[in-house]
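Worksheet: the structure to be examined is printed underneath.
Just so it is clear, none of the values below were taken in a lab; they were calculated from the coordinates. Values in this document were obtained by computation on a predicted structure and should not be read as measured data. Neighbour counts run over all protein chains shown; Cβ positions are idealised from the backbone, glycine included.
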């Protein structure tokens, strides 16, 4: 360890999850859960399309017609995220899920569970909430904090490493 | 604050803006302006498609026919960036702009202004200039420095946090 | 240099290469080789689609039919990576390669050589190996280590800067 931490102080690892693509979200969870297993204090900040990971499966959500239209296309739900490549109307993600299962790699919903077990904090971006018209009831339980970029950056500036995914 | 800074020394926050997609560019500006508001010294390094943010709206640019063809497709102009998802020939970005306005979130051209007010430095990548055939007159005023990756990295290695977006 | 390094200790720069798109991979190599030229110790961790950079050109690879199908679509080979935009069935990358050559910017295969000359370490992600069904013989020579996220993060937590690309 290059820089000694004060006693009782954990090293921090943070990730901004901007993408809602299954492959990128899996990469974010693999890094986050690995960092937590190594004893680091981990926070994941879900913003923009990344919030789909934490949304319940509903037909749509939003306060006005424009938001409802956007959120109808922009489906939420951890188990129905698209792939960033070879999506093929859902065939790609289905293939990938089987391939992951064959290798005993957790799915996104399973990773959310594991993250909770490892005390990884899940943060949801309130700025995205406002322009997408989301409400807290559109989201799953287990979100640790609803906050903006300032709260996130106050953490990230102290982190040993942080990524934008 | 984990590591004390020498007196008169500001913490640094840097972003590489590689993407030219409106949603990612907005995320970059939200992080950058928030960091600056928190008192950090912020530099944004625009490279590849990210340079479209700082380009003037022209039919095309470039020195040879290949560059002109590429830059005709790869439209510049902060107010006509595509979305990374649901672009739908421009309908998606139009919807998103209205949604952002309803929530009083600045547009990309407004964020460029705000960045200037907050003394955020805007850097343009000279390597991209060379292979895309850009000239300084293709770009808006207010760019603080034209430089390469070495100049950028000399900053980033001292930053508390830096992202590739 | 903000923080003094112990004598004989080099500053570290790390990149996760998640993307297999030519433009993003070039950005990763430009940052990595620049950092190495500045005297930093550089490691590049290739994962998911990024592993295509280090794959040999074969019709396909994988251990079962699903993996073979995925890897048939997901072509490997440093000289046939797609562009993240304007791919146009390969016309975009072909145009970009000519534009890069006109500006004497190395191609991806050339950058792999240069990375070796600069003693940049190339790491290949074993987790991706498992679910994509890759074998070592599917890959080019010159990979320095086959490892997982924990090995990578042990490096990244000590880095002056690290990116997810």
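For the reader, a short list of remarks on this structure follows.
- Inside the stretch B:139-163, residues that are over 14 Å from residue B:123 (Cα atoms) and under 15 Å from the mean Cα position of the chain (by Cα) make up a count of 2.
- Of the residues making up the stretch C:107-159, those that are within 14 Å of chain A (Cβ to nearest Cβ), out of contact with any strand residue (DSSP E or B) (no Cβ under 6 Å at 6 or more places or on another chain) and closer than 25 Å to residue B:163 by Cα are C:125, C:127, C:128, C:148, C:149, C:150, C:151, C:153, C:154.
- Residue match in the stretch B:76-91 (condition: surrounded by fewer than 16 Cβ atoms within 10 Å (Cβ to Cβ), touching a strand residue (DSSP E or B) at 6+ places or on another chain (Cβ under 8 Å) and more than 14 Å from chain C (Cβ to nearest Cβ)): no
- Across the stretch B:42-71, the number of residues qualifying as surrounded by 19 or more Cβ atoms within 10 Å (Cβ to Cβ), farther than 23 Å from residue C:92 by Cβ and away from every other protein chain (no Cβ under 12 Å) comes to 2.
- Within the stretch A:124-144, being crowded, with 19+ Cβ neighbours inside 10 Å and farther than 19 Å from residue A:77 by Cβ holds for A:127, A:131.
- Residue C:158 meets the conditions (1) touching a helix residue (DSSP H, G or I) at 6+ places or on another chain (Cβ under 7 Å); (2) outside any helix (DSSP H, G or I); (3) surrounded by 15 or more Cβ atoms within 10 Å (Cβ to Cβ) in every case but one. The failed one is (1).
- Residue within the stretch C:49-56 that is closer than 23 Å to residue C:165 by Cα and more than 11 Å from the chain's Cα centre (by Cα) present: yes
- Residues located in the stretch A:56-85, provided they are in contact (Cβ under 8 Å) with a residue 24 or more places away in the chain and farther than 18 Å from residue B:84 by Cβ: A:56, A:58, A:61, A:62, A:63, A:64, A:67, A:68, A:77, A:78, A:79
- Scan of the stretch C:123-142 for residues that are touching a helix residue (DSSP H, G or I) at 6+ places or on another chain (Cβ under 6 Å), in a loop (DSSP other than H, G, I, E, B) and within 26 Å of residue A:33 (Cβ to Cβ), ordered by number: C:133
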